[in-house]
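Undergrad: Would you mind keeping the following structure in view while I ask a few things?
The values are calculated or read from the model by the stated rules, or taken from the named source; none is laboratory data. All of these numbers come straight from a predicted model, not from anything done at the bench. Here the Cβ positions follow ideal geometry from the backbone for every residue, glycine too, while neighbour counts run over all protein chains shown. Ligands, DNA and RNA are excluded from the accessible area calculation, which covers all protein heavy atoms including side chains. Shrake-Rupley method; radii C 1.70, N 1.55, O 1.52, S 1.80 Å.
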Amino acid sequence: MKMSIGQTIEIIYIDNAGKITQRKIEVMGIRNGRIRATCLSTGAPRVFLAANILAWQPVQERRYA
């Protein structure tokens, strides 16, 4: 599975200090091992290193009848 621009994904990420976080992000760009995204919990733009993403999955949209 490949992530793409505009996709909303949930990631588990380890930062350079060793802190592990789980967050939902909207991918804005992917280049040179860096992922530019908007964190959906804070609304803040962030840059994530692809090598530091431990796991990811697409967020399933909820559909209501």
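Undergrad: Amide H neighbours of residue 40 under 5 Å, counting only residues 5+ apart in sequence or on other chains, H built in-plane at 1.01 Å?
TA: 24, 25, 26
Undergrad: Which is the longest part of the chain that has none of the trypsin sites (Lys or Arg not before Pro) sitting in a DSSP loop with at most 12 other Cβ atoms within 10 Å? Walk me through the numbers before you get to the answer.
TA: Working: sites that count: 2, 19, 62, 63.
For trypsin sites (Lys or Arg not before Pro) (loop position, at most 12 other Cβ atoms within 10 Å), the longest site-free span of the chain is 20-61.
Undergrad: Okay, moving on. What size of dipole, in debye to the nearest 20, comes out for the chain about its Cα centre when the only charges are +1 on Lys and Arg C-beta atoms and -1 on Asp and Glu C-beta atoms?
TA: Values: 10 positive and 4 negative charges, 17 e Å.
Dipole size: approximately 80 debye.
Undergrad: Out of the chymotrypsin sites (Phe, Trp or Tyr not before Pro) in segment 22-65, which ones are loop residues according to DSSP with at most 14 other C-beta atoms within 10 Å?
TA: Details: sites: 48, 56, 64; in loops: 64.
Listed in order of number, the matching sites are 64.
Undergrad: Once neighbouring chains are kept in place and the probe is 1.4 Å, which whole percent of the accessible area of the chain is contributed by carbon and sulfur? Kindly include the intermediate steps, with their values, before the conclusion.
TA: On the way: 2470 of 4990 Å².
Its accessible area is 49 percent carbon and sulfur atoms.
Undergrad: Residue 15: net charge of surrounding residues, Cβ under 12 Å, Lys/Arg +1, Asp/Glu -1, itself excluded?
TA: Numbers: positive: 19, 23, 46; negative: none.
With Lys, Arg at +1 and Asp, Glu at -1, the neighbours total +3.
Undergrad: Can you run phi through the Karplus equation (6.51, -1.76, 1.60; θ = phi - 60°) for segment 20-34 and list ³J(HN,Hα) in whole Hz, with x for Gly and Pro?
TA: 9, 10, 10, 8, 9, 9, 10, 6, 9, x, 9, 7, 6, x, 10
Undergrad: For the chain, which GluC sites (Glu not before Pro) are both in a DSSP coil and crowded by at most 11 other Cβ atoms within 10 Å?
TA: The qualifying sites are 61.
Undergrad: Mind jotting down the three principal axis lengths of segment 7-58 based on Cα atoms? Whole angstrom, largest first.
TA: That gives 25, 24, 20 Å along the principal axes, largest extent first.
Undergrad: Right, here's the next one. Counting heavy atoms of the protein chains only and a 1.4 Å probe, report the per residue accessible area for the chain as a whole number of Å². Walk me through the intermediate numbers first.
TA: Numbers: 4990 Å² over 65 residues.
For the chain, the per-residue accessible area is 77 Å².
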